[in-house]
Amino acid sequence: MTPVAQAAVNRRRLQSLDALRGFVMVIMLLDHVRENWYLYMNVPDPVNPVTVEPVMFFIRIVTNLCAPVFVALTGLGAYLYSQNHTRAETAAYLVKRGLLLMAIDVTLLTFAWTVKLPMTFWLQVIWAIGACMIALAALIYLPKKLLLALGLLIVAGHNLLDGVRLLPGEPGFVAWALLHQRDMIALPFGAFARTSYPVLPWIGVIVLGYLLGSWYERDQSSAADSGRRVRRLLALGFGMLAAFVVLRALNVYGDKPWVAGDSALHTMMGFIALTKYPPSLLFLLQTLGVGVILLALFERWEGHPWLNALAVFGGAPMFFYILHIYVLRALYHVAFMIWGPTHGVSFGLDNVNWLWLWYAVLLPVLYVPTAWYSRLKARRRDIAWLKYF
């Protein structure tokens, strides 16, 4: 293969990763539109099929893909970065970007969600990704076999720790709340930190994503390698989904038990309603299984115009994340000032069709600045800080 052809294959291969990253950005927007305009429609964790309307239930189930896929792709991206950098350079990059993401979450994003004092710092998915990157910076020095064993142990075994509950003031409470127990941590001056995304299971996910990057090494770039990789990804993805179905049917481990509903629909909803905070083994098998299958299909379908559009969102994920949060929150506060609280203490829309309308309007509107930034990021590689966004 000529150098030009080789470079073209590499670009297409990376496009499939950006397209998957863009796909989860696009469906994340749908979830956040729901979250802003339907605050009065509670969607608990795990999703309760008895109390949640089916349309809200399935929106939540689909958008559950976002966090696991993005964390895994972060690990995979770190492996690709390591192909052109030393281990020390890769670790330094992971630490710097991880710290930046954590800072963004407790400043820009906390301010967007919470505009009153005392502050509640929501340690959400961006915080968790940053913490996982810092953990990965240390773990990449381990031998790959040991790293694989550790990643599998965390993902498959962390539910054994579900019964460990610590109370505020008990020794180790803060560390445990950050690692595995979703809770509130008291801070000075009456502030709190909400550990929405306890990081222990996500560390396992980023580790496994990092190791998956070995399937994308530079010497596996030919068309034959791509075909073999697609087959391996499909086998892995469907294998994870099969493991999910078997374990869920056994109903003995991996999440809260499910029970049959009063209809086939509610029984099915109960079967797939899983715990995200922290993500259970079954939650990760279901979501990452779908994610791996999509990664394979996006590589097989590369070159399609709609895939190119998804890759634009995936080329500037942090820019899009911050932008869409601020746009949604600004729209919400404007609506609140005009119409006031229409459902309890919050403003909310009555017809779920408004959700689809807002989503259809916002997606192309947000595409324009994201495409501009994505092109800037690709063109101006001399501006070092752009790679962190």
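The values are calculated or read from the model by the stated rules, or taken from the named source; none is laboratory data. Note that the structure is a prediction, hence the values are computed from the model and not measured. Neighbour counts run over all protein chains shown; Cβ positions are idealised from the backbone, glycine included. To get the accessible areas, we keep the full protein, side chains included, count just its heavy atoms, and leave off ligands, DNA and RNA. Shrake-Rupley method; radii C 1.70, N 1.55, O 1.52, S 1.80 Å.
Summary table below
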quantity	calculated
Test: residue in the range 31-39 that is within 23 Å of Leu208 (Cα to Cα) and modelled with pLDDT of 95 or more	no
Cross-chain or 6+ apart pairs with Cβ under 6 Å, the range 242-254 first and under 19 Å from Gly163 (Cβ atoms) and touching a residue at least 24 places away in the same chain (Cβ under 8 Å), then in a loop (DSSP other than H, G, I, E, B) and open to solvent by less than 40 Å² (accessible area, probe 1.4 Å)	Leu247/Gly254; Gly254/Ser280
Tyr326 being touching a helix residue (DSSP H, G or I) at 6+ places or on another chain (Cβ under 9 Å), open to solvent by 40 Å² or more (accessible area, probe 1.4 Å), farther than 24 Å from Pro54 by Cβ and of a type in the set (Ser, Thr, Tyr)	yes
Per-region count, the range 152-175, residues under 27 Å from Tyr210 (Cβ atoms), out of contact with any Phe, Trp or Tyr (no Cβ under 8 Å at 6 or more places or on another chain) and open to solvent by less than 40 Å² (accessible area, probe 1.4 Å)	4
Unique residue being open to solvent by less than 30 Å² (accessible area, probe 1.4 Å), more than 22 Å from Leu294 (Cα to Cα) and not hydrophobic (A, V, I, L, M, F, W, C) when the list is Gly75, Gly130	Gly130
Subset of the range 222-251 (residues that are at pLDDT below 95 and open to solvent by 50 Å² or more (accessible area, probe 1.4 Å))	Ala223, Ala224, Arg228
Selection from the range 73-105 of residues that are among the polar types (S, T, N, Q) and free of Cβ contacts under 8 Å to residues at least 24 places away in the same chain	Asn84, Thr86
Residue count for the range 176-208, restricted to those that are more than 15 Å from Tyr277 (Cα to Cα) and either aromatic (Phe, Trp, Tyr) or surrounded by fewer than 18 Cβ atoms within 10 Å (Cβ to Cβ) (or both)	8
Candidate set from the range 48-69 (those that are open to solvent by 20 Å² or more (accessible area, probe 1.4 Å) and part of a helix (DSSP H, G or I)); member that is farthest from Phe298 (Cα to Cα)	Pro54
Residue selected from the range 348-380 under the condition outside any helix (DSSP H, G or I) and in contact with a helix residue (DSSP H, G or I) (Cβ under 8 Å, 6 or more places away or on another chain), by the criterion least open to solvent (accessible area, probe 1.4 Å)	Gly348
Checking Leu295 against (1) surrounded by fewer than 21 Cβ atoms within 10 Å (Cβ to Cβ); (2) within 21 Å of Leu30 (Cα to Cα), the condition it does not meet	(1)
